[in-house]
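The structure appears right after this line, and notes come after that.
The values are calculated or read from the model by the stated rules, or taken from the named source; none is laboratory data. Computed from a prediction, not measured in an experiment: that's the story for all the values here. All Cβ positions, even for glycine, are placed from backbone atoms using ideal geometry, and neighbour counts span all protein chains on display.
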Number of protein chains: 2
Amino acid sequence: MGLHVAVAGATGAVGREFLALLEQRAFPVGRLRLMASARSVGQRLSFGGEAIAVEELARASFAGVDVAFFSAGSAQKEEARRAAREGALVIDNSSAFRMDPDVPLVIPEVNAHTLRPGQRLIANPNCTTILLLMVLAPLERRVRLRRVVVSTYQAVSGTGASALAELDAQIEAERAGRPLTAQVYPKVIHANAIPFVSGFGPDGLTQEEWKVVKESRRILERPDLALSATCVRVPVRRAHSESVNLEFDRPVTPGEVRAWLAEAPGVRVWDDPARMAFPTPRDADGGDDVLVGRIRPDPGRPGAIDLWLTGDQLRKGAALNAVQIAEHVLVGARRPA
Amino acid sequence: MGLHVAVAGATGAVGREFLALLEQRAFPVGRLRLMASARSVGQRLSFGGEAIAVEELARASFAGVDVAFFSAGSAQKEEARRAAREGALVIDNSSAFRMDPDVPLVIPEVNAHTLRPGQRLIANPNCTTILLLMVLAPLERRVRLRRVVVSTYQAVSGTGASALAELDAQIEAERAGRPLTAQVYPKVIHANAIPFVSGFGPDGLTQEEWKVVKESRRILERPDLALSATCVRVPVRRAHSESVNLEFDRPVTPGEVRAWLAEAPGVRVWDDPARMAFPTPRDADGGDDVLVGRIRPDPGRPGAIDLWLTGDQLRKGAALNAVQIAEHVLVGARRPA
C-alpha cells in the first residue's frame, strides 16, 4: 500500500542520505528501487532490513514509479526527463533544470506556492543556496533585502566520497611523514582553505558562486537582488557554514532578526554570547535544521546585520529538501521536520 | 658593532618567529637577550648557532637595549612601558597600546609617516588587520573606499602552541576512536569552523572583530570607514585568509585592482582562473608576502569588487611587521622584503 520509490544515483553521498532519510522519516515506501551507473550494478544497499540490488539507470523502466529522487548529476539530465515522461514525479538534485522556467525550483518552507498540480519534474536547489535562503526568506518576508554579501565554509562531503577519502589520505600521509597529494581538489584540502568550489564560470566567479546568485534571485523572486558570494572549501567533513552580511530597506535590529527566525520552520537560533552559544558545522552535522548565531549589528552600516549559519548540506541542503518536496506534493502539505 | 636586541615573550609562537626572522633577514644583532615569564626561565633557545638562556622579563634590565620586540601579551603592558623608559625602542605586538593616541600603530608599507623621531613605543597591529590593510591601503590610495565586508579563515597558530597541540591531539583521538575534547577553544577545532576568535566584546561582536574595525579605521585615518568583520577560526595550521567585498567611491574594475596591487610592496597577485591560479593558506605559510586572488566583479553591485587574500599571520601578521618597523626606525628606511 506504499509508494513505488526510485533513487537514482543511489550509491553516491546524497543517494545514501536519501535511503537514511526515507527510513528515518517513515516515508510511505511500498517498493524501493535503486539505480546508478553501469559500474555500480551488482552492489546491494540495505533498506528496511532488506538488501536491494542496484539497477542500471539507463536501462531501468520508470513505469509505475510514483516518485524518483535523482542525485545522478547534470549528465543524467535525459534520464530524469525520461523518468518524468514515464510517469514518475521526479525531484532532481542536479543543476540541470534549476534555471529552466518550466521547472519549479523549490524549498518547501520558502516557495511551495510555485508547485503546480501535475508537475512531474521539480528541481532541488544548490546546497549552499538552500541553507542561505532558509534564513533569508523569513527575513525578506518582513523587510525587503537590499543587499547580501556571503562567504562560505563548505564541507568536503559536498564533493562526494572521493573527496572525503582524499582528506583522510592527506591526514594519514601527514602523520606518516609522506608528501600530501591532491587529485579531487586542485590543492591539498587538509589544513587548508580553497577559495574555489566547482569550475570557473564567467567574470572570474565560480560556478558555485553563480548558482548561489542566480538560484537565490529566482527562488526569492527578486531578479534584481544584489548578492555577492565567495565560496570556499574548508577541511570540514559535513555541514556547510556561511558568514552573511545583510542590508535591508529599513534599519533592522538583531532582536528583530532573532524574533523572526525563531518563528521560521527548519531554522534554530543558537545565539547567546553570554553563554558562548553559537553554532559550528559539527553541531549541524546529521541534523535537519539550519542553525543561526552571531546575529549582531554591522558596526560599519547602521541598521545592517551580520550573522553566521550552518546546516547539513547532505540533508537540508540536498536529500531532506527533496524528500520534503515529495511529501508536499504527495501528501499535499509539508510534514513537520 | 651590532645592536643590543631583546625579545620579550621569546618562548611563544611569535617569539620564536622573531628569532627566525632576525637570522633570516641578517638583522644587525650584536647581542641578543631572550625574556619570558618566570616559568620559562632556564630554557635555552638557539640563535646564530648559540644557545641563549631565557631571563625573567620582570627582573630584566633594559639599560643599553637598542630595540625590544614584545610579544608577551597585553598583561605585560607595564613591562613594555618600563623597557621604553629604560631607553629601548619597544615594538609591542599586544593589543595594549594599539588605540593609544600617543603610540603609533604602524604597518610600514601603509603608514610609516606616523613614526616620529624619538618615539620609544610603537604598536604592531592585529594580524588580521595587517593582512587586510596590506591590500586595502594601496587601493584606498587610488579610489576612496566606501564600504568593506570581511569574513576571515584564521589559522590555529594565531592562538599559540597550545592550540596547535589541541588540533593535533584531536586528529590523533579521532584516528584512535577516542572522544575529541577541547580546552583551548570553546569547541573542537578539528574538522570544524568556529565563528569566535578571542572573547566577546560589546554588541555581540568578538574582540577580534572590533580590533579589525577600530585598528583599520585608525591606520587608514578613516574614522568613519564602514567596515564589518566576521572572524572565524578554521583548522589551518598557519596563514590567515580573508574573503573581502569592497565598494569604492567610483566604479572599479578587477583589472584596475590587479594593476594597483601589482605595484604594492609586500603584496603578490596570484589570480588567473584560466590557469587555476588562486592562493591558499598553504601557499602563504612561511612566506613574507600577502597573496591575493579571486579578484572579480561583485555580481550584485556594479563597480564593487570581491577578492580573497592570505598571508602568514606569524610573519607579516606579527613578527615580520615588527622587525620591519624596527628596520624603518633604526636604518631610516624600509628594507626590501
Quick one: which of B:Leu164, B:Leu131 is within 14 Å of chain A (Cβ to nearest Cβ), crowded, with 24+ Cβ neighbours inside 10 Å and in a helix (DSSP H, G or I)?
-> B:Leu131
For region B:35-65, enumerate the residues that are under 23 Å from the mean Cα position of the chain (by Cα) and not aliphatic (A, V, I, L, M).
-> B:Ser37, B:Phe47
Exclusive hit being without any contact (Cβ under 8 Å) to a residue 60 or more places away in the chain, buried (at least 19 other Cβ atoms within 10 Å of the Cβ) and not small (Gly, Ala, Ser), set B:Leu89, B:Leu19 = B:Leu19
Tell me, yes or no, whether region B:188-207 has at least one residue that is part of a helix (DSSP H, G or I), in contact with a strand residue (DSSP E or B) (Cβ under 7 Å, 6 or more places away or on another chain), within 12 Å of another protein chain (Cβ to nearest Cβ) and surrounded by 17 or more Cβ atoms within 10 Å (Cβ to Cβ).
-> yes
Residue by residue through region B:298-327, note down the ones that are in a loop (DSSP other than H, G, I, E, B) and of a type in the set (Lys, Arg).
-> B:Arg301
So which residues in region A:228-258 are at the interface with chain B (Cβ under 9 Å from one of its Cβ atoms), more than 22 Å from A:Pro273 (Cα to Cα) and surrounded by fewer than 20 Cβ atoms within 10 Å (Cβ to Cβ), if there are any at all?
-> A:Arg237
Please give the number of the condition B:Ile295 fails out of (1) more than 8 Å from chain A (Cβ to nearest Cβ); (2) assigned to a strand (DSSP E or B); (3) hydrophobic (A, V, I, L, M, F, W, C).
-> (1)
What single numbered condition from (1) surrounded by fewer than 23 Cβ atoms within 10 Å (Cβ to Cβ); (2) over 30 Å from A:Asp224 (Cβ atoms) fails to hold for B:Gly300?
-> (2)
Kindly establish whether B:Val212 is under 19 Å from B:Cys127 (Cβ atoms), assigned to a loop (DSSP other than H, G, I, E, B) and either modelled with pLDDT of 95 or more or facing chain A (nearest Cβ under 9 Å) (or both).
-> no
Scan B:Asp312, B:Asp306 and give me the residue that is in contact with a helix residue (DSSP H, G or I) (Cβ under 8 Å, 6 or more places away or on another chain), at pLDDT 95 or above and either surrounded by 24 or more Cβ atoms within 10 Å (Cβ to Cβ) or more than 7 Å from every other protein chain (Cβ to nearest Cβ) (or both).
-> B:Asp312
Being closer than 14 Å to B:Thr310 by Cα and over 22 Å from the mean Cα position of the chain (by Cα) narrows it down to one of B:Asp271, B:Asp249, so name that one.
-> B:Asp271
Looking at this structure, is A:Ala80 of a type in the set (A, V, I, L, M, F, W, C) and either surrounded by 14 or more Cβ atoms within 10 Å (Cβ to Cβ) or touching a residue at least 40 places away in the same chain (Cβ under 8 Å) (or both)?
-> yes
